[in-house]
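Written below as structure tokens is the structure these notes are about.
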Amino acid sequence: MTNRNPKLRGILFDMDGTIVDVPYDWTKIRAELKTQGKPVLSYLESLSEPEKTHKWKILEEYEDKATSNASMKKGMKALFSFLKEKSVKTALITNNSEKNISFLMEKFHLSFDVVMTRETGVWKPSGEPFLLAVKKMGVNREECCVVGDSYFDVLAAKAARISRIFIFAPEEQRPEFLEAFIVHSAEELRHQIDKWV
Ligand SMILES: [Mg+2]
């Protein structure tokens, strides 16, 4: 990434593991749902009844539990104030549900210019939700960056052809992360973003 990139006018944020820390054990959840390596949401949607309803319920129970134990990452509040000050637009793009996202936004007093939950019907790792959010923010794709914590965030950013990608230090190293800028804290992220605002 170089300073030849245009000024940042919009940031596409992920929620879980990015803005808030949530105690998810995805390995355990995937094993229990028997997703066979497929992305969880598309896997669940591909099922027939009654398995579909049953497994959605299992996922939602895990999500509700993790959501109620979420905590905001240190320095995030300051980052959002900084972005407001610099007139950078923010979008939240999450595969989590509207119900859980409303809960988190209210709990941590968060607001975004655009919010897209899984109820929109387009999910990461598709680039579609990012492209829709960019359009809704009224900015160009080149003026945006993605902030996330998982390889789905990287895959979705690449699919949407958004080249500036910031990933909170992943627990597991994946080849996809080589294309992202790894950050370890909200302060470090703010410092990096400051170059382009
Ligand atoms: Mg995440």
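The values are calculated or read from the model by the stated rules, or taken from the named source; none is laboratory data. What you see is a predicted model, and the numbers here were worked out from it, not measured in a lab. Backbone-built Cβ (ideal geometry, glycine too); neighbour counts: all protein chains shown.
Some notes on this structure:
- Residue tally, condition touching a strand residue (DSSP E or B) at 6+ places or on another chain (Cβ under 7 Å), under 15 Å from S42 (Cβ atoms) and aromatic (F, W, Y), over the range 119-157: 0
- Contacts under 7 angstrom Cβ, first residue in the range 145-173 being free of Cβ contacts under 8 Å to residues at least 24 places away in the same chain, partner within 13 Å of the ligand (Cβ to nearest atom) and part of a strand (DSSP E or B), 6 or more apart: I165/V146; I167/G148
- Every residue from the range 134-174 that is within 12 Å of F13 (Cα to Cα), more than 12 Å from the chain's Cα centre (by Cα) and part of a helix (DSSP H, G or I): V134
- On inspection, H109 qualifies as free of Cβ contacts under 8 Å to residues at least 40 places away in the same chain, more than 13 Å from the ligand (Cβ to nearest atom), assigned by TED's automatic domain parsing to the domain that holds R190 and over 24 Å from L155 (Cβ atoms).
- Yes/no for L79 being touching a Ser or Thr at 6+ places or on another chain (Cβ under 9 Å) and closer than 25 Å to I162 by Cα: no
- Of all residues in the range 1-30, those satisfying the criterion of being at pLDDT 95 or above and away from the ligand (no atom under 16 Å from the Cβ) are L8, R9, G10.
- Scanning the range 174-197 for residues that are in contact with a strand residue (DSSP E or B) (Cβ under 8 Å, 6 or more places away or on another chain), of a type in the set (A, V, I, L, M) and free of Cβ contacts under 8 Å to residues at least 24 places away in the same chain yields I182, V183.
- Residue among L92, L41 that alone is within 14 Å of the ligand (Cβ to nearest atom), modelled with pLDDT under 95 and not aromatic (F, W, Y): L41
- K57 being over 24 Å from A157 (Cβ atoms) and in the same structural domain as E128 (by TED's automatic domain parsing): no
- Being over 15 Å from the mean Cα position of the chain (by Cα), in contact (Cβ under 8 Å) with a residue 12 or more places away in the chain and either surrounded by 16 or more Cβ atoms within 10 Å (Cβ to Cβ) or over 16 Å from V20 (Cα atoms) (or both) holds for only one residue in K86, K124, K73, and it is K86.
- Residue count, the range 175-197 (criterion: assigned to a helix (DSSP H, G or I), hydrophobic (A, V, I, L, M, F, W, C) and surrounded by fewer than 19 Cβ atoms within 10 Å (Cβ to Cβ)): 3
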